[in-house]
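One structure is given here, and the rest of the page talks about it.
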């Protein structure tokens, strides 16, 4: 039977309500050359086999971290993903991102959420973590919203080079709140502590710092924490969970809220997403925390069970008074991160961090031996650094592709006022691959 969503009279009523005479009036601003006025000249349908071959042909034109040696970072990193991660993700019992409202039939998913939260708390050193958000950028936006809900202040200070995409996402998500944002960055990309301290007033809701920051450098978090808490603002830390394998956990230097991108925890690059937002905070903020929380309890028979807890703070109950309107979480990628962290363990994550650190520093030491190349600063870094180059970074990147190299990231894509080649190194890069990049860069020696 033909499905007719609305009648002619209903269409007329809708058009009259919005103040137009006909449907074409709604698309009048679209140039006529872009409107389809006759049937498309499409080829006949393909069989499944033919469609697969055609898609493979198109896919072969892509340049990827599989076909090339990848040195791109900037928030997404080419880490090794154990095969068990994909295997568990394929289990139909888990293959959904939907919130498990029916606890009686969702014990497996709820337990994974609980284990994920517990491990994120252990990594970050915080008291409580939620069951994930959309990505690192939206997690930062949620941190600012929660900070505002806590102290009713709307000014935020960005210490140093916070990821530009995170800042843009935060401004977009909080656009209706009349928040104000100000950044304090020195020429080398680190925090201008003097200017930050001078700008710190009672009107500031929170200070945001990313460490390692967008340029890869480790910030002076102890000094920034003192500035934030001097006026009772919240101290919000954006971090890389793999880096915490060797760096101090934010909870140990009195962070109030910790957010980050969880892509490094067993999630493939995937053309930039979807990814996994991490969010953790102190216990005192638990009733303002966004997203789902899985808790452990006992049923009437005394049997251990898992449930969604503290739901009265969420949007389906609190409506417009809720801190956040996020509902369904990134459950499938939360599962991936849980499997990854369980598989790797503390020692495995620490080893990934150490290998990434040492290999990045080996590569940096080799590159700065080439005349015309130098680090933009001498600040400590984790697995990512930026070098000044004799030619445009975009030239190096494009000319590296035929050599099987994705040589890095042109930072002017994210920061138009800066130039340089940002290079990220993970545990996947071998010495031979690192040396290959060095030899390639020598062609630009001056």
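On the basis of being surrounded by 17 or more Cβ atoms within 10 Å (Cβ to Cβ), more than 25 Å from residue 270 (Cβ to Cβ) and in contact (Cβ under 8 Å) with a residue 24 or more places away in the chain, does residue 338 make the cut? Taking the combined requirement at face value, the residue does not satisfy it.
Selection over segment 310-330 of residues that are touching a strand residue (DSSP E or B) at 6+ places or on another chain (Cβ under 8 Å) and either in contact (Cβ under 8 Å) with a residue 40 or more places away in the chain or surrounded by 15 or more Cβ atoms within 10 Å (Cβ to Cβ) (or both) gives a count of 3.
Inspect all residues belonging to segment 353-360 and state whether any of them is in contact with a helix residue (DSSP H, G or I) (Cβ under 6 Å, 6 or more places away or on another chain), assigned to a helix (DSSP H, G or I) and not assigned by TED's automatic domain parsing to the domain that holds residue 104. Looking through segment 353-360, at least one residue is in contact with a helix residue (DSSP H, G or I) (Cβ under 6 Å, 6 or more places away or on another chain), assigned to a helix (DSSP H, G or I) and not assigned by TED's automatic domain parsing to the domain that holds residue 104. Name every residue in segment 90-128 that is touching a helix residue (DSSP H, G or I) at 6+ places or on another chain (Cβ under 6 Å) and under 17 Å from residue 263 (Cα atoms), in order of residue number. Correct list: 97, 116, 119, 123, 124. The single residue among 64, 118 that is under 30 Å from residue 238 (Cα atoms), at pLDDT below 95 and under 23 Å from the mean Cα position of the chain (by Cα) turns out to be 64.
Has segment 179-189 got at least one residue that is in contact (Cβ under 8 Å) with a residue 60 or more places away in the chain and more than 18 Å from the chain's Cα centre (by Cα)?
yes
Yes or no: residue 75 under 30 Å from residue 332 (Cα atoms) and either over 38 Å from the mean Cα position of the chain (by Cα) or assigned by TED's automatic domain parsing to the domain that holds residue 414 (or both)?
Spelling it out, residue 75 is indeed under 30 Å from residue 332 (Cα atoms) and either over 38 Å from the mean Cα position of the chain (by Cα) or assigned by TED's automatic domain parsing to the domain that holds residue 414 (or both).
Among residues of segment 406-419 that are more than 18 Å from residue 185 (Cα to Cα) and in the same structural domain as residue 385 (by TED's automatic domain parsing), those with a Cβ under 8 angstrom from a residue that is modelled with pLDDT under 95 and surrounded by fewer than 19 Cβ atoms within 10 Å (Cβ to Cβ), sequence gap 6+ or separate chain, pair up as 406/63; 406/65. Could you go through segment 231-240 and let me know if any residue there is surrounded by fewer than 24 Cβ atoms within 10 Å (Cβ to Cβ), at negative phi and not in a strand (DSSP E or B). Yes: one or more hits.
May I ask you to verify whether residue 214 is outside any strand (DSSP E or B), modelled with pLDDT of 95 or more, buried (at least 24 other Cβ atoms within 10 Å of the Cβ) and within 25 Å of the chain's Cα centre (by Cα)? For residue 214, the condition - outside any strand (DSSP E or B), modelled with pLDDT of 95 or more, buried (at least 24 other Cβ atoms within 10 Å of the Cβ) and within 25 Å of the chain's Cα centre (by Cα) - is met. Among residues of segment 361-404 being in contact (Cβ under 8 Å) with a residue 60 or more places away in the chain and in a helix (DSSP H, G or I), the one that is farthest from residue 189 (Cα to Cα) is 401.
On the stretch given as segment 241-269, residues that are closer than 23 Å to residue 85 by Cβ and part of a helix (DSSP H, G or I) total 3. Within segment 280-300, does at least one residue satisfy the condition of being buried (at least 24 other Cβ atoms within 10 Å of the Cβ), modelled with pLDDT of 90 or more and in a strand (DSSP E or B)? Yes, there is a match, as at least one residue in segment 280-300 is buried (at least 24 other Cβ atoms within 10 Å of the Cβ), modelled with pLDDT of 90 or more and in a strand (DSSP E or B).
Here the helices (runs of 4 or more DSSP H) wholly within segment 1-108 that include at least 2 residues being touching a residue at least 60 places away in the same chain (Cβ under 8 Å) are 83-89. Check whether at least one residue in segment 342-352 is within 23 Å of residue 108 (Cα to Cα), part of a helix (DSSP H, G or I) and modelled with pLDDT under 95, and report yes or no. No, segment 342-352 has no match at all. Inside segment 411-428, residues that are touching a strand residue (DSSP E or B) at 6+ places or on another chain (Cβ under 7 Å) and outside any helix (DSSP H, G or I) make up a count of 5. For segment 348-404, filtered to residues that are more than 26 Å from the chain's Cα centre (by Cα) and surrounded by 16 or more Cβ atoms within 10 Å (Cβ to Cβ), the residue that is farthest from residue 264 (Cα to Cα) is 370.
The values are calculated or read from the model by the stated rules, or taken from the named source; none is laboratory data. The shown structure was predicted, so the numbers you read here are calculated from the model rather than taken from an experiment. Cβ sites come from the backbone with ideal geometry, for glycine too, and all protein chains shown count toward neighbours.
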